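Encoded as structure tokens, the structure appears first; notes follow it.
We did not get these values from a lab; they are worked out from the coordinates using the rules stated. None of these values were measured; they are calculated from a predicted model. Every residue, glycine among them, receives a Cβ derived from its backbone with ideal geometry; neighbour counts consider all protein chains shown.
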Amino acid sequence: MPLEKIEIKNNRAWARWKIEEGEKELASPLKPLEIISDVITNPLKRLEWMAGRMLVKTLMERMGLTFQGVTKNEFGKPFPVGHSHQLSLSHSYPYVAALLDKDQPAGIDLEQPKPKLLKIAPRILDENEMQDAGDNLTKHCIYWCAKETLVKVHGKKDLTFAENLKIDPFPLLQGGNIVGRIIINEVEAVIPLTYSVEENFVMVFSS
């Protein structure tokens, strides 16, 4: 398994890898705990699904936890079977990322900068965010990942990106901290976020 990076601190851990394995190689260690659904017919999506489970398995074993599979609640939020830890997964082939936290809601998102982000930006960003991002594709990608991360922290699918999710303006660096806000019915939750800009992708996770 080409594990690119892993960080473990206290009851929190995140990791990332680049998929280089085939389906049989990924599936074997997961059996019988995780059997991939036949509903996933796209070969790359199947690889992402299995790689995500393998990454969670690796994280849990490094933390001294027993991997028993991954389940989802009624909102589609993943959880490690048999444990109370918060879990978040993200993938943009060939990259996969996972965040596991015992105490706090977890959110992580990984995306490769693509021109489509500029096209959908007016629906995703508010006026201040649009002005801050300008025409910089990398910054638009950070904003997208940050808002996806906030959605995962929230854990439900009742949010409007431009209205309920806000990102404070930030300088574009190779990595740093940004402030996210989830605003629902005038109640605001401030969520610290960390971002990194790599050669082929951007990653954001809840701090």
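Annotations for the structure displayed:
- Taking the range 159-174 and a reference point 7 angstrom along Cα→Cβ of ASP126, the backbone N atoms nearer than 16 Å belong to 159-170.
- Dipole of the chain computed with +1 at Lys/Arg Cβ and -1 at Asp/Glu Cβ about the Cα centre; of ASN164, LEU118, MET203, farthest Cα towards the positive end is MET203.
- The modelled label-to-label distance for the pair GLN104/ASN11, using points 7 Å beyond Cα in the direction of Cβ, is 1.3 nm.
- Globularity ratio of the range 3-103, using Cα Rg and 2.2 N^0.38 Å: 1.00
- With Cα atoms, 0 to 90° folded angle of helix 137-154 axis to the chain main axis: 60
- The range 110-206: relative contact order as a whole-number percent, Cα under 8 Å and 6+ apart: 30
- Choice from GLN131, GLN104, GLN68 showing the highest fluctuation, given a GNM over the chain with Cα pairs closer than 10 Å: GLN131
- Computed [θ] at 222 nm, helices only, for the chain once each DSSP H run of length n ≥ 4 contributes -39500 (n - 2.57): -9000 deg cm²/dmol
- Label-to-label distance, VAL187 versus LYS18, with points set 7 angstrom from Cα along the beta-carbon direction: 4.4 nm.
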